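S.K.: The structure is given below, and queries will be raised subsequently.
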Amino acid sequence: MNKKAENFQAYLKEKEIDSFVFDEPEGNDREIAIFRSHIVVEGQQLPTIVMFDNTIFSIIRVQISPQAVTDENAEEVLSFLNEENAKYKPFKIYCAPDGSIIFDICFTNPGEEIDGDLIYTFFNIAINYLNENYRTIMKKIW
């Protein structure tokens with residue numbers, strides 16, 4: 001486990017947060033450490049990860065919808081995602097190669113320290129955005 005992940009795990013323990021499961025992929029040269037969880041939006045459990053590695057960047061990633069972008073809806077969905085990305089600075093929403101819609105917040109973590117309270121601020125940004133826009137996104141998909 002990399003030092004950032006150790007520090008995040010200590011933060012979770014200190015705050016008595018037990019909603020994350022730690023995962024460390026084998027054989028990764030960037031020392032990737034993943035904390036898996038989910039957020040609930042509109043009654044749906046959206047898979048969520050916090051990922052730390054040996055770069056200065058860390059990510060909170062939420063899978064909004066798996067394999068959602070199809071040939072039939074691609075133009076409308078991708079246009080909508082581009083419009084959303086132009087409006088908001090702290091995050092980006094995109095279509096993964098498998099057609100899933102992904103929500104990422106990328107933040108810097110120089111050194112080995114983490115700011116758990118800042119990470120939770122980012123979670124609140126994600127949750128608030130998704131609570132306000134999840135139905136709209138899903139309507140574009142359908």
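The values are calculated or read from the model by the stated rules, or taken from the named source; none is laboratory data. Computed from a predicted model, the values in this text were never measured in an experiment. Cβ: placed from backbone, ideal geometry, glycine included. Neighbour counts: every protein chain shown. Accessible surface is based on the protein model in full, side chains and every heavy atom, while ligands, DNA and RNA are left aside. Shrake-Rupley method; radii C 1.70, N 1.55, O 1.52, S 1.80 Å.
S.K.: Working from Cα positions, state the angle (0 to 90°, nearest 10) between the long axis of helix 74-87 and the longest principal axis of the chain.
M.R.: With both axes taken from Cα atoms, the answer is about 50 degrees.
S.K.: For region 1-95, what is the number of Lys pairs with C-alpha distance below 27 angstrom, counting only pairs 8 or more positions apart or on separate chains?
M.R.: Qualifying lysine pairs in region 1-95: 7.
S.K.: Ok, one more. Would you mind counting up the charge near SER65? Only other residues with Cβ under 15 Å from its Cβ, with Lys and Arg at +1 and Asp and Glu at -1. Intermediate values should be presented prior to the final figure.
M.R.: Working: positive: ARG61, ARG135, LYS139, LYS140; negative: GLU42, GLU72, GLU76, GLU84, ASP98, ASP104.
Net of charged neighbours comes to -2.
S.K.: Would you indicate which of (i) 15.8, 48; (ii) 15.1, 48; (iii) 31.1, 114 is the value of Rg and Dmax of the Cα atoms in Å derived from the coordinates of this structure?
M.R.: (i)
S.K.: Taking the mean number of other Cβ atoms within 10 Å as a proxy for protection, how do you rank 20-32, 69-81 from highest to lowest? List each step's numbers first, then the result.
M.R.: On the way: 20-32: 11.2, 69-81: 14.2.
Ranked by mean Cβ neighbours within 10 Å, highest first: 69-81, 20-32.
S.K.: Can you tell me the accessible area per residue over region 57-131, all protein chains present, probe 1.4 angstrom, in square angstrom?
M.R.: On the way: 4060 Å² over 75 residues.
Per residue, region 57-131 has an accessible area of 54 Å².
S.K.: Tabulate in residue order the Karplus-calculated ³J(HN,Hα) for region 94-104, using 6.51 cos²θ - 1.76 cosθ + 1.60 with θ = phi - 60°, rounded to whole Hz; enter x for Gly and Pro.
M.R.: Values per residue, Gly and Pro as x: 8, 9, 6, x, 8, x, 6, 9, 10, 10, 10 Hz.
S.K.: Take the Cβ-Cβ distance between TYR94 and LYS15 as r, set R0 to 25 Å, and report the resulting FRET efficiency rounded to the nearest 0.05. Could you put the intermediate results ahead of the total?
M.R.: Details: r = 30 Å, r/R0 = 1.22.
Here the calculated transfer efficiency is 0.25.
S.K.: So, one more: PRE reach from LYS139 (point 7 Å along Cα→Cβ): which of region 46-60 fall under 11 Å by backbone N?
M.R.: none
S.K.: A follow-up question, please. Within the accessible area of the chain, what % is carbon and sulfur when the probe is 1.4 Å and the other protein chains stay in place? Display every interim value, and only then the final one.
M.R.: Values: 4000 of 8280 Å².
Carbon plus sulfur share of accessible area: 48 percent.
S.K.: Now, a different point. Using helices alone, what [θ] at 222 nm do you get for the chain, with -39,500 (n - 2.57) per DSSP H run of 4 or more residues, divided over all residues and rounded to the nearest 500?
M.R.: So the calculated ellipticity at 222 nm is -12500 deg cm²/dmol.
S.K.: Okay, next question. Pairs of Cα atoms under 8 Å, at least six residues apart: use those to get the relative contact order of the chain, whole percent.
M.R.: 23 percent
S.K.: Summing Lys, Arg as +1 and Asp, Glu as -1, what charge do residues with Cβ under 14 Å from the Cβ of TYR11 carry, TYR11 excluded?
M.R.: Result for the local shell: -4.
S.K.: A further question on this structure: Diagonalise the Cα gyration tensor of region 74-141 and give the resulting equivalent ellipsoid semi-axes, square root of 5 times each eigenvalue, largest first, whole Å.
M.R.: Computed over region 74-141, the values are 26, 14, 10 Å.
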